[in-house]
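Accompanying notes for the structure given below.
Any read-out appearing in this document is the output of simple, stated calculations on the displayed coordinates, not a laboratory observation. If you're wondering where the values come from, they're calculated on a predicted model, not measured in any experiment. Please note: Cβ atoms are built from the backbone with ideal geometry, for glycine as well, and neighbour counts cover all protein chains shown.
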Amino acid sequence: MSEYKKIGVWQTAFLGDAVLTLPLLRALKNRYPEAEIHFFVRGGVESIFAAQPEITEVHGFAKRGAQKSLNAAVRLGWEIGQQGFDLWISTHKSLRSALVAGATGIKRRIGYNEPWFNRLAYTETVDRRFDELEEIERLFQLLAPLGITTPAPKTELVVGEEVRMDADLFWQEHCGDRPVLGVHPGSTWPTKCWPVEYFSEIVARADKAGAQVLVFAGPDETEVAEQVMRGAGETRAVNLAGKLSLPQLAAYLGRLDAYLTNDSGPMHLAWAQDTPLVALFGPTVRKLGFFPRGDNSTVLEVPLDCRPCGLHGPKKCPKGHHDCMRRLTPDMVWDALRVKLGL
């Protein structure tokens, strides 16, 4: 069997998708320990993977910026093809990804067998088996031509020493010996968001029960975080919205005793560090395969005939009621959280 020296793995979807690719990278490193493994990700999330031991170098792709055109994809493929890669693995089904792969001219290129143009871009294609497998196992179909099979190796997201020390210092200054609950009320997709007033109620209950609450949110989610804080009333909760880099966020999530989150990218940063969490699934369902893994992860969802209403969830509820989230009551969520918090 060939011993590859420089491997490129292309995963430029959302942050959570990139985290779900870590077991594939670990399996490649186990099989080819001397190989350089280069991870190509969506521009802006590179820093999350900078400390990952399986990865030699992380490369950002500006798919929504300077590199969004198909011509730019072809040019990037040509440039990659000059860098000595001998194996290319793409986790995508898009035309852009196929153009990058084909333009590299790398001797062995593995991708999924759909859409039809993928069969022109890759030297080998595999069936994703979307309706049969969970996402990590779907990704492992790409390794089957290399003789690598499931089960996927246990893989942990590794954070850098500097941000880990920053999290340690914050805990010493703000958390004491109280159990710490993190809540993240935002999401890229509006229908994935649990009602703000429900989050506020959880913050108030956790504070009254003696927990330290941290509210997390990205730079574009500061308003919803402030609404949660206002709705909770006078508490010791700390609003960290927009104040943390992605590596800092990962380090803080790794320190939590429990985490309450919508189906979002940060959810994957948490479970990949074995943080006990409760994930709220509404327009999406666990069966789609993108759920948090591990014994410490709890997915809460209510059975409705209209679920799922999309792979990601639309901007507005197609039925106009948003019952998939509203029927997940604060009582249900608090019952799951307080066990994890030991309260």
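Numbers at a glance
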item	result
Cα centroid separation - the range 230-256 against the range 270-318, whole Å	22
Full-stretch length increase - Q227, E197 - with 0.36 nm per residue and alpha-carbon distance subtracted	10.0 nm
Residues C175, C306 arranged by fewest to most Cβ contacts within 10 Å	C306, C175
Cα long-axis angle, helix 22-31 against the chain (0 to 90 degrees, to the nearest 10)	40
Residue order, fewest to most surrounding Cβ atoms within 10 angstrom, among F291, F61	F291, F61
FRET efficiency estimate (nearest 0.05) - Cβ-Cβ, D86 to T56, R0 22 angstrom	0.95
All lysines inside 16 Å of K5 as judged from Cα atoms, apart from same-chain residues fewer than 8 positions distant	K29, K107
Computed over the chain: relative contact order in percent, which uses C-alpha pairs under 8 Å that are six or more apart	15
Assigned charges on the beta-carbon of Lys, Arg, Asp, Glu; the range 6-146 dipole about Cα centre (debye)	440
Residue-span extension gain [R286 to D335] - 0.36 nm each, minus C-alpha spacing	15.6 nm
Inter-probe distance in nm under a simple model that places probes 7 Å from Cα toward Cβ, at K107 and V74	2.7
With Cα atoms, 0 to 90° folded angle of helix 222-232 axis to the chain main axis	30
Loop trypsin sites (Lys or Arg not before Pro), the range 97-186, which have at most 13 other Cβ atoms in a 10 Å radius of their Cβ (DSSP)	K107, R129, K154
C-alpha long axis of helix 330-341 to longest principal axis of the chain, angle in °	80
Debye, to nearest 20: dipole size of the chain, +1 on Lys, Arg Cβ, -1 on Asp, Glu Cβ	1020
Which of H59, H184, H92 has the fewest Cβ neighbours within 10 Å, and the rest in rising order	H59, H92, H184
